[in-house]
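K.L.:
Sharing a structure, written as structure tokens. Questions coming.
The values are calculated or read from the model by the stated rules, or taken from the named source; none is laboratory data. Here the structure is a predicted model, which means the values were calculated and not measured. Virtual Cβ from ideal backbone geometry, glycine too; neighbours counted across all protein chains shown. We work out accessible area using only protein heavy atoms, side chains counted, and drop any ligands, DNA or RNA first. Shrake-Rupley method; radii C 1.70, N 1.55, O 1.52, S 1.80 Å.
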Amino acid sequence: SQAALIIARQAEHMTRLIDDLLDVSRVNRGFIELHTEKLELGDIVNDAAEQVRPLITRKSQQLVLDVSPEACRVDGDRKRLVQVVANLLNNAAKYTPVGGRIEVSVTCTQGHVKLAVADNGIGMAPDLLARAFDLFAQGERASDRSDGGLGLGLALVKKLVGLHGGTVVAESEGLGHG
């Protein structure tokens with residue numbers, strides 16, 4: 001029934017929120033141990049896309065994956081890197097309207113890997129852009145966006161990327177510009 005589906009979806013949402021809270025706490029206290037191995041970044045992107053696919057499908061969004069044809073290998077923790085990419089995709093999907101477009105690109109050059117997530121969503125004002133990766137930072141709550149969180153996903157992304165020796169930045173030309 002419809003009620004059972006709603007309850008299941010909300011229970012899943014609450015589980016994700018609690019997991020994110022626990023992860024933020026563990027990272028902040030230095031309790032996360034990375035289990036690094038040689039990984040193919042394309043596999044990480046595909047696994048993350050699979051996790052976020054239900055939200056993207058529900059919102060009739062188009063997800064385009066543009067992964068470099070040459071192997072992009074990284075040393076990292078598979079579970080945590082999938083979590084990073086899934087959080088970025090989830091964030092993009094939440095702030096992109098029904099029927100919108102989300103693109104993921106991965107390029108490898110001279111020992112550096114760049115993963116970019118772009119969308120045609122609501123964009124970010126400069127004040128939010130400056131604190132996008134802060135704990136509990138959130139964009140405006142829209143009436144058609146019921147998939148909101150607590151503002152933990154991007155903070156967790158920053159912490160996990162940092163633990164892997166990387167950096168993360170947010171860019172937007174402003175509200176309405178993705």
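K.L.:
Mind checking the per residue accessible area of the chain for me, 1.4 Å probe, whole number of Å²?
P.N.:
Result: 59 Å² of accessible area for each residue.
K.L.:
Next question, about the same structure. Would you mind telling me the antiparallel percentage of the DSSP bridges in the chain, rounded to 5? Don't jump to the answer; show the numbers that get you there.
P.N.:
Details: 13 of 19 bridges.
Counting only bridges with both partners in the chain, antiparallel ones make up about 70 percent.
K.L.:
Something else: Of LYS114/LYS159; LYS59/LYS79; LYS38/LYS59; LYS38/LYS159; LYS38/LYS79, which ones are farther than 24 Å apart at the Cα?
P.N.:
Details: LYS114/LYS159 17 Å; LYS59/LYS79 26 Å; LYS38/LYS59 34 Å; LYS38/LYS159 20 Å; LYS38/LYS79 13 Å.
Beyond 24 Å: LYS59/LYS79; LYS38/LYS59.
K.L.:
Helix 153-163 against the longest principal axis of the chain: what's the angle in degrees, Cα atoms only, rounded to the nearest 10?
P.N.:
Helix 153-163 sits roughly 10 degrees off the main axis of the chain.
K.L.:
On the full set of protein chains, 1.4 Å probe, figure out the accessible area of LYS38 and give it in Å² to the nearest 10.
P.N.:
150
K.L.:
Taking H placed 1.01 Å from N in the peptide plane, check which residues at least 5 places from GLY123 or on another chain put their amide H under 5 Å from its amide H.
P.N.:
GLY176, HIS177, GLY178
K.L.:
Taking 0.36 nm per residue of separation and subtracting the Cα-Cα distance, what length does fully extending ALA118 through GLU50 add? Write down the numbers at each step before the final one.
P.N.:
Values: separation 68, 0.36 × 68 = 24.48 nm, distance 1.75 nm.
Full extension of this stretch gives 22.7 nm more.
K.L.:
At 0.36 nm per residue, minus the direct Cα-Cα distance, what do ALA71 and SER1 gain on full extension? Give it in nm, one decimal, please. Don't skip to the answer; put the middle values down first.
P.N.:
Working: separation 70, 0.36 × 70 = 25.20 nm, distance 4.50 nm.
This chain segment gains 20.7 nm when fully extended.
K.L.:
Using only Cα atoms, tell me the angle between helix 78-94 and the longest principal axis of the chain; keep it within 0 to 90° and round to the nearest 10.
P.N.:
40
K.L.:
With charges set only on the Cβ (+1 for Lys and Arg, -1 for Asp and Glu), what does the dipole of the chain come to about its Cα centre, in debye to the nearest 20? All intermediate terms of the calculation are to be shown ahead of the outcome.
P.N.:
On the way: 20 positive and 23 negative charges, 72 e Å.
That gives the chain a dipole magnitude of about 340 debye.
K.L.:
Can you find, among MET14, ILE56, VAL161, the residue farthest towards the positive end of the dipole of the chain? Put +1 on the C-beta of Lys and Arg, -1 on that of Asp and Glu.
P.N.:
Going by the Cα projections, it comes out as MET14.
K.L.:
Shifting gears a bit: Calculate the FRET efficiency for THR109 and VAL64 from the Cβ-Cβ distance with a Förster distance of 25 Å, rounded to the nearest 0.05.
P.N.:
Numbers: r = 21 Å, r/R0 = 0.83.
The calculated FRET efficiency here is 0.75.
K.L.:
Dividing the Cα radius of gyration by the Kirkwood radius, what Rg/Rh value follows for the chain? If you can, show how the numbers build up before the last one.
P.N.:
Working: Rg = 16.1 Å, Rh = 16.9 Å.
Answer for the chain: 0.95.
K.L.:
Tell me, what % of the accessible area of the chain is carbon and sulfur with a 1.4 angstrom probe? Let's see the in-between values first.
P.N.:
Working: 5530 of 10530 Å².
In the chain, the share of accessible area belonging to carbon and sulfur is 53 percent.
K.L.:
Going by alpha carbons, how many degrees (0 to 90, nearest 10) lie between the helix axis of 2-28 and the longest principal axis of the chain?
P.N.:
Its long axis makes an angle of about 40 degrees.
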